[in-house]
Amino acid sequence: MSPTAGSPLITYYNTLQVLDDENPLTVEQALEILCAREVLQHSLVNRVIAPNRLKKISELDTKLKQNACRLTQALDTHTLSTYRNTLLKKPEDWWWYLDKQQPPHPLDRYDWIFNGLSFAIWTASIALLINITGRFFSGGPDVAGAIAVIVPTLWALLQAKSTLTETEQQRFSGLLKRLKIPAFMQAEAKLASIGLFLIGMLLFWAILPKISERYSLSGLADYRAYNLSSAESKYKRAIALDPDNVKAHYNLGRLYEDWWRFDEAKQEYRVAVGGDNARAFNNLARLYILEKNYPAAVSLLMQESDLVRQQLSLPKDKPVIFPEDQYNLAKNLGWVRFEQNRDSEAESSLKQAIAIAKDPEVAKNLPNRASAHCILAQVLKRQKKTEAIDQWKQCKALGNAEVPEEDAWINLANQALKNSQNKTP
């Protein structure tokens, strides 16, 4: 029945009948009850009230107060407060203050715990987002990194807005109301929403190694296309996203070695060695040999030799060390033993390297295939063995001038072959 139909008391009585059902109240039903009580109050001003009517009003008011929680859930606290401010209602008009009169829900006593947890989780989420953002922008921003950061940042801004501004808090309360979540569960609901944000950040953190690997592969493609500055940037970003990305450290070290930035190259190779990257062992040992730091080179090569034996003992379905790495291990060990004047050991290792390189599939992946021949030629020359000439010929034929030490050895091969021809009758 409409609040204007019949006497105010009958209208008030009729509007309260919806409270007999267990169904949630609609906004219109809640407002009809409050407005009916307002009309009834105006009708009682300056009038003598009969005892039976007074008793009936008291019973109806008790019924209204007992269902205060249902009305405030229909209107929600913020909306009821807005109506009070609009109508300029005073505390004497108690029906407009039902949200103030109803006893707190038992769960409300724990709101301080949920709010504290929400703050702690929110702080952790923001710290994680800042960390991730800094990693993506290491070495300069790029499109992929920006897109990867924008989505969680917008999510964080929306979370902050809904938490810190009163308007958004009211909207959040309205959303909970539409989802039929009671008002006493708002603190818990807010904790759940912030918890979901933290879970999203943790999942994002968990896939950083995968993203790092993509940057590393993209950097390798740039390196092969001679876009070296871009390759360096991507390698650095890959390392920032996952400091344990051994391949990225190795590739960055190789790039620095190409640029003759040997100290930086050694630093990256050392990290890759910690991840048991066989090529990092070889490249770092080679740099130590060039610096004449033979004990350090031998130590590395012995460690790599242990690694090779371990990997070769794995089942066939497991990854093993590549033959190219075995070649470089034997070649470098022969080289360092030659520099240490341990010719017998040097000859044995170098012949092992040459035997590995005879495989055509291995040879095509060895830009330094001539190195073993060049070093063996020097070993045999020092021993005054005639077989040195054959090795010098192989050194000259297979030599790669782009490999710095081979460029020097090709010159030695030319001189040795020229001297040999001059001595021939």
From the cross-link list Lys234/Lys292; Lys236/Lys396; Lys90/Lys190; Lys351/Lys418; Lys331/Lys385; Lys358/Lys385, the entries with a Cα-Cα span beyond 30 Å are Lys234/Lys292; Lys236/Lys396; Lys90/Lys190
Amide H neighbours of Asn245 at under 5 Å, excluding residues fewer than 5 places away on the same chain, with H built from the backbone geometry, are none
Expressed in angstrom and ordered largest first, the alpha-carbon extents of segment 8-103 along the principal axes are 36, 31, 24
With a Förster distance of 60 angstrom and the Cβ-Cβ distance between Asn131 and Leu54, calculated FRET efficiency to the nearest 0.05 equals 0.30
Final fewest-first order of Glu59, Glu32, Glu361 on the 10 Å Cβ neighbour count is Glu361, Glu59, Glu32
Scoring only Lys, Arg, Asp and Glu (+1, +1, -1, -1) among other residues with Cβ under 12 Å from the Cβ of Cys395 yields 0
By Cβ neighbour count within 10 Å, fewest first, Ser229, Ser218, Ser125, Ser43 rank Ser229, Ser43, Ser218, Ser125
Plugging the Cβ-Cβ distance of Ser7 and Ala192 into 1/(1 + (r/R0)^6) at R0 = 60 Å yields, to the nearest 0.05, a FRET efficiency of 0.80
Net charge near Asp61 (other residues with Cβ under 14 Å of its Cβ; Lys, Arg +1; Asp, Glu -1) is +2
Neighbours of Arg382 by Cβ distance under 13 Å: Lys/Arg at +1, Asp/Glu at -1, summed charge +1
The farthest towards the positive end of the charge dipole of segment 350-414, of the residues Val403, Ser371, Trp392, given +1 on Cβ of Lys and Arg and -1 on Cβ of Asp and Glu, is Trp392
Between Asn115 and Ile199, Cβ-based FRET efficiency (R0 22 Å, step 0.05) works out to 0.70
Distance in nm between Cys69 and Asp93 label points, each 7 Å along Cα→Cβ, equals 2.7
Cβ density ranking, 10 Å radius, fewest first, applied to Glu339, Glu232 yields Glu339, Glu232
Between the alpha carbon centres of segment 266-312 and segment 356-382 the gap in Å comes to 19
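FYI, it's all coordinate maths here, none of it is from the lab. What you are looking at is a predicted structure, and each value in this text was computed from that prediction instead of being measured. As a convention, Cβ positions derive from the backbone with ideal geometry for all residues, glycine included, and neighbour counts pool all protein chains shown.
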